[in-house]
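The values are calculated or read from the model by the stated rules, or taken from the named source; none is laboratory data. What you see is a predicted model; the values in this text were computed from it and never measured. Neighbour counts are summed over all protein chains in view; Cβ atoms, including those assigned to glycine, are modelled from backbone coordinates with ideal geometry. What goes into the accessible areas is simple: the full protein's heavy atoms, side chains included, and nothing from ligands, DNA or RNA. Shrake-Rupley method; radii C 1.70, N 1.55, O 1.52, S 1.80 Å.
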Amino acid sequence: MDQETEDKNMAIENAAGGGSKGKSDKEKVDWIGEIKSISLLLLAVLAFHSLVAKPFYIPSVSMMPGLLVGDRLIVSKYAYGWSWVSPTFHILPRLEGRLFGSLPERGDVVILTPKEQSSDYIKRVVGLPGDTIELRGGQVFLNGVGVNQEVQPDLQVPIDANTPCGGNEFPGARGTDAAGNPVCRLPILRETLPNGVSYDIIDLGPQYTDDVAPVEIPEGQVYLLGDNRDLSADSRVASPLGLGGTIPWENIGGRAEFITFSLDGTTTLNPLSWWNSFRSGRAGTSLRPGKTLVTTK
């Protein structure tokens, strides 16, 4: 073998060896760097959920008719400032006060953590600090003045897996609409607060929560009710099932803003089932009630 041929063979071997080494270097994963990147991403998501906004899922009928089981919505975390309840996971001790805090307005729908629980509730703010609130026959009275309630046509809510319209919750409410589809017929009242905020509530008839003796709301606390007045564990209901009276404002975690989407409860592990489970007409629905002009006589 001449010198020229030997030199060529050595060059080929060196090139092959260098290529293998380069390939090995490229395949090596920087696990520490990957873990750091993922950790920073998770921290950024948690910070956003704790300080700016977070998604929320409606698990119960307590805020019908405005909110249905299966609704997904966005809650703004900055609306009233921040407190111990703001972090996505309640890891802080229960401290008094808020950072850059402000009180909710009457009619705001808020998420909150009860005084003796760690789970989140969603209710409507009705009474503010300094108010005297009571209920007589299901009607709210603020500072001795009855909150206006107007009877509305029955609401026909389509029956599905997340709204079964069971006899225990809505006795005698099952029916059909003009097209023959099964619906849940619900008696509706339009309630208008003194600041002009209006929203619909469900009143199924006499209940033990329809009458509440006058309660003076202390400074820094609020009184909350569910829109489904006969099926809501709110400030009228003793803890641990209900809120057990007024709630400190630092226990409020944010304000409900709008519905992102809603599911009827028929989703399975098969992605093909997901599209058909979306309820139409609910995405984008605002949860900030409008105001009407209130005149005094």
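Residues in the range 113-141 that are part of a strand (DSSP E or B), open to solvent by 10 Å² or more (accessible area, probe 1.4 Å), farther than 26 Å from HIS90 by Cα and not β-branched (Val, Ile, Thr): GLU134, ARG136, GLN139, PHE141. On the stretch given as the range 268-291, residues that are in a loop (DSSP other than H, G, I, E, B), of a type in the set (Ser, Thr, Tyr) and either farther than 30 Å from GLU191 by Cβ or open to solvent by 70 Å² or more (accessible area, probe 1.4 Å) (or both) total 2.
Please specify each residue of the range 60-80 satisfying the condition of being among the β-branched types (Val, Ile, Thr) and assigned to a loop (DSSP other than H, G, I, E, B).
Once the filter is applied, which keeps residues that are among the β-branched types (Val, Ile, Thr) and assigned to a loop (DSSP other than H, G, I, E, B), the range 60-80 yields VAL61, VAL69.
The single residue among VAL197, VAL237 that is of a type in the set (A, V, I, L, M, F, W, C) and in contact with a strand residue (DSSP E or B) (Cβ under 6 Å, 6 or more places away or on another chain) turns out to be VAL197.
Among the residues of the range 231-267, the ones that are open to solvent by less than 20 Å² (accessible area, probe 1.4 Å), more than 30 Å from VAL212 (Cα to Cα) and assigned to a loop (DSSP other than H, G, I, E, B) come to 0 in all. Being without any contact (Cβ under 8 Å) to a residue 24 or more places away in the chain and among the aliphatic types (A, V, I, L, M) is true of ALA178. Scan the range 231-244 and give yes if some residue there is among the β-branched types (Val, Ile, Thr) and more than 15 Å from the chain's Cα centre (by Cα), otherwise no. Scanning the range 231-244, I find at least one residue that is among the β-branched types (Val, Ile, Thr) and more than 15 Å from the chain's Cα centre (by Cα), so the answer is yes. Filter the range 150-170 down to residues that are modelled with pLDDT of 95 or more and either open to solvent by 50 Å² or more (accessible area, probe 1.4 Å) or among the charged types (D, E, K, R) (or both), then give me how many there are. Adding up the residues that qualify gives 10. The residue pairs whose first member lies in the range 257-277 and is farther than 18 Å from LYS54 by Cα and of a type in the set (S, T, N, Q), whose second member is open to solvent by 30 Å² or more (accessible area, probe 1.4 Å) and not in a helix (DSSP H, G or I), and whose beta carbons are closer than 6 Å, counting only pairs six or more residues apart or on different chains, are THR266/ALA161; SER273/THR267; SER277/THR266; SER277/THR267.
Condition check ((1) at pLDDT 95 or above; (2) more than 30 Å from SER102 (Cβ to Cβ); (3) among the charged types (D, E, K, R)) across all residues:
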position	(1), (2), (3)
VAL183	yes, yes, no
LEU193	yes, no, no
PRO206	no, yes, no
ASP211	yes, yes, yes
ASP234	yes, no, yes
SER239	no, no, no
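Quick check on the range 22-54: of everything there that is among the small types (Gly, Ala, Ser) and within 15 Å of ILE74 (Cα to Cα), which residue is modelled with the lowest pLDDT? Restricting to residues being among the small types (Gly, Ala, Ser) and within 15 Å of ILE74 (Cα to Cα), the top hit is SER50.
The residues listed here are PRO171, PRO164, PRO214; of these, the one that is over 18 Å from LYS123 (Cα atoms) and touching a Ser or Thr at 6+ places or on another chain (Cβ under 8 Å) is PRO214.
Yes or no: GLY220 more than 20 Å from ILE122 (Cβ to Cβ), touching a Phe, Trp or Tyr at 6+ places or on another chain (Cβ under 7 Å) and surrounded by fewer than 20 Cβ atoms within 10 Å (Cβ to Cβ)?
Details: more than 20 Å from ILE122 (Cβ to Cβ): yes; touching a Phe, Trp or Tyr at 6+ places or on another chain (Cβ under 7 Å): yes; surrounded by fewer than 20 Cβ atoms within 10 Å (Cβ to Cβ): yes.
So GLY220 passes the test.
The residues of the range 72-112 that are over 18 Å from SER235 (Cβ atoms), within 18 Å of the chain's Cα centre (by Cα) and either of a type in the set (Lys, Arg) or open to solvent by 50 Å² or more (accessible area, probe 1.4 Å) (or both), listed by number, are ARG72, LYS77, TYR78, TRP82, PHE89, HIS90. Cβ-Cβ contacts under 7 Å between residues 6 or more apart (or on different chains), taken from a first residue in the range 49-73 that is closer than 14 Å to ASN162 by Cβ to a second residue that is of a type in the set (Lys, Arg) and open to solvent by 20 Å² or more (accessible area, probe 1.4 Å), are listed as TYR57/ARG72; ASP71/ARG282.
Kindly indicate whether LYS36 is among the basic types (Lys, Arg) and open to solvent by 90 Å² or more (accessible area, probe 1.4 Å).
Values: among the basic types (Lys, Arg): yes; open to solvent by 90 Å² or more (accessible area, probe 1.4 Å): yes.
Yes, satisfied.
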